Amino acid sequence: MEHQRHGSSQSLYDNAASNTFRQPSSASDTIIALSSRPVHDEAEDPARAVRRRIDALSRAPVRASRCVAQREIPGEGHCYIYEDGTYCRAIIDGEPVNPSWGITKAGKPRKRLAQACLTCREKKIKCEPGYPKCHQCAKSQRVCRGGMNQPNQTSPRNGSTDVSPSAPAAATIKSYASESMSPSVSSERVDRIAEFRENLRTADARHNGPLLKARDPHPPPPVASPRDLTVQSYGSDWRGSANIREHQETSAGLYQDHFALQWEHDPSELDPRTTHHILELYFAHAGRATYGMFPRKAFMSWAQSGKRKSQDDRMLLYSVLAMGSLFSPDAEKRSLGKRFAAVATYAAEKRFGKFSLQLCQSRLLLALYHFAQGKSQEAWDFCGSGLRALSALNLNTEEGVKELVDGAPTLEYGFDRPTFEECCRRTFWSGFLMDVSLDVTRLTTTIDLIQQQRYNGFFGGTLFVVSIEDAFVKLPCLEAAYESGTPCDTPLFDYELLNRFAPKTPVLGHMAYLCLISALWGDVLTFTGRAVRRPDTGYEQHYEPFYTKTYERLEGWHAMLPPNLRYSTQNLERSIAEGTVGTFMSLHALYHASIIRLNRQIRISAMPADKISRNIEHAFKNASNFLSMMHSLALINRQRRNDTSEYFFSTPFPGYALMLSIDVLSAAGTSTTLPELIDTVGTTMSCIDELATFWASARAQQKAVSNRLRQLTDVAMEHKHGANHGHAGRYWRIGESLDVAFGKDDAMYKADERELFNVVAQCAGR
């Protein structure tokens, strides 16, 4: 038998990396496969040194070498270029060469590989390859094990299924990623996939170091590391002698290899339908005005164009898909997000120190993804590194934007120059919105950890990476103009824009108004955070000027809103119809949350009683207004959820603002208004319930508000019981805040009871 003459059972997987995908059976198939396969940037470099490919004496092909490009070689003609720097001619003696199979020791094109399936080897009969079984096993109806045409076959207990060789790149995203990420790797898979390591060491060297050297056709055997020693040849008996611990260590090491392999493939080519679906979800929920880095139509056209994408492009695309998958009602598609995020994370690590716009965008999207998953530390890390990359590219200035565009050999994503410049600006402003504080507060009564952010989740930090005073870049333009590819001119950020008496500014985009109010929110967080550590002496003199100036800016921002962004039931319904309700509610959530926090977090012992009463009244008023807005949204949401299963409200900040408002209104009240408060809070819970589908921060808010609703119900029962016995009180009060981040500087929970009840009575009377 052929395989017995050469006596190398491990040659079954000598070309494992290319066997993972369907091997071309003809020259035409070969060209098609190569044209659709992403190639490395270095392989296309005509100046890169290559040398003739010389196979070993065995009839098996040289292991751990993958064809990455085609090139005309002087004196040789059209040749295949391998990732180790060697090459072989595409036509030898008039016969086409299969690049995956190579040539024989005589220098002739190899006709087929001497690889029989295990079943035929045991039977000692000739094996003719076929799919999904070899011809002999198919004819005799036997189980065909380990054949060369079954690269994805594993034991049934691993849950893997055969993938049709006619599928793009021999795998859909789903099957390819699940195979790559499966923690349950059989011993056969460990042995076979370990062959990839040889290839990927070369690939890693390309990412981390100098270009590849020409390959020595007869290298000395490498010194095996302890982990490599756990990978046995195919003929070894794993069933009885494999060490479980070594097997697990080897399996864990394979993850990096799979990430590298998947990074080299454009997901839109692997599974166009799934890619399109998840991109639609991204732009419907995360990619609109809130984090509107890309114009939807142009970006989706580029993503699905089939044009070759660079490594940075694919890294970004996997990051976008990871974020978009969070909003899928399909659990299977949501689980894909973990795989997309893992590939994007691997890619971002490999691009460490190689700053690009895609790296900035990928880090920010991965920060948002991890924040949604409740992984605060990872989100903090990704956001911080993304903001530092933005700083490295000088994208906080118009000069930096121009330099990046001028220095790009080709504009990214197929955008024209004005659109690409606007994309750079919006990337900076997205980072500004996502800016993570460096302060993590104490534990609350109901939530294990509060991660402070300028825009997402819970708040209270004081140290932002981006100072708004260092933002010398234009505000985002109108969304319609950006989407149509004709960005309009906008002003630079300036606090003077918020002056009610300044000349009227042109209408800005939703994202621009979001950035302006977010800047004020950040100012409030910074001031109140610092004020906690100030002495009582001079506290009022320090607080009042900031209070007055900030109130003027907040009112100036509210006055500059165009009619369609002012709050009304009609505008709320219109925003739902247009798909911008998340941004619409976020604008008003930031406005009211800023006023609530500005008034609530004060030093009780250092302020006069009239100022404390003023602050309590303003906090109550704005909390009541925002709760009313969310109540209206909840009623519309309830009606629409009866008609459709589609989510339309998925922006996280309103969830925090709602919890903050409920915390204020449930601090104290009158017995007559308590039933209405319970009913309103119970109705608005549906908004938090919907957000909890996507965001871990909302799940913490959901738990906190549910506990508070239970407390209010108990208070109502006590008052009802007291009324029946003739000793019911007029007022009630709850002693602990939902968020202990305010500490002792909390006007709602630390103020004198008489002052608090006086304000409550006045508000109830209105």
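Where a number appears in this text, it was derived from the coordinates with a stated rule and is not lab data. Predicted, not measured: the structure shown is a model, and the values here were computed from it. Every residue, glycine among them, receives a Cβ derived from its backbone with ideal geometry; neighbour counts consider all protein chains shown.
Observations, loosely collected:
- Cβ-to-Cβ counts within 10 Å put E690, E122 in ascending order as E122, E690, the fewest first.
- Qualifying GluC sites (Glu not before Pro) in region 733-766, DSSP loop, other Cβ atoms within 10 Å at most 14: E736
- Region 562-633-region 469-491 distance, computed between alpha-carbon centres (Å): 27 Å
- Loop trypsin sites (Lys or Arg not before Pro), region 477-536, which have at most 11 other Cβ atoms in a 10 Å radius of their Cβ (DSSP): K504, R533
- Rounded to whole Å, sorted largest first: equivalent-ellipsoid semi-axes of region 316-443, Cα gyration tensor: 26, 18, 12
- Cβ-based exposure ranking for K703, K309, in which fewest neighbours within 10 Å come first: K703, K309
- Summing +1 for each Lys or Arg and -1 for each Asp or Glu among the other residues whose beta-carbon sits under 9 angstrom from that of R425 gives -1.
- Sparse-neighbour loop sites [chymotrypsin sites (Phe, Trp or Tyr not before Pro); region 499-544; at most 10 other C-beta within 10 Å; DSSP]: F501
- Around N599: net Lys/Arg minus Asp/Glu count, Cβ-Cβ under 12 Å: +2
- Between the alpha-carbon centres of region 661-700 and region 376-422 there is a gap of 39 Å.
- Efficiency of FRET between T672 and L411 - r from beta-carbon atoms, R0 60 angstrom, step 0.05: 0.40
- For H558, net neighbour charge (Lys/Arg +1, Asp/Glu -1) across residues whose Cβ lies under 13 Å away: +1
- Among the listed pairs K474/K549; K139/K338; K133/K350, those whose Cα-Cα separation exceeds 31 Å are K139/K338; K133/K350.
- Solvent-free Debye calculation, one equal scatterer per alpha-carbon of region 336-385: log10 I(q)/I(0) at 0.15, 0.18, 0.20 Å⁻¹ equals -0.34, -0.49, -0.60.
- Neighbour-count ranking [beta-carbon atoms within 10 angstrom, fewest first] of L709, L411: L411, L709
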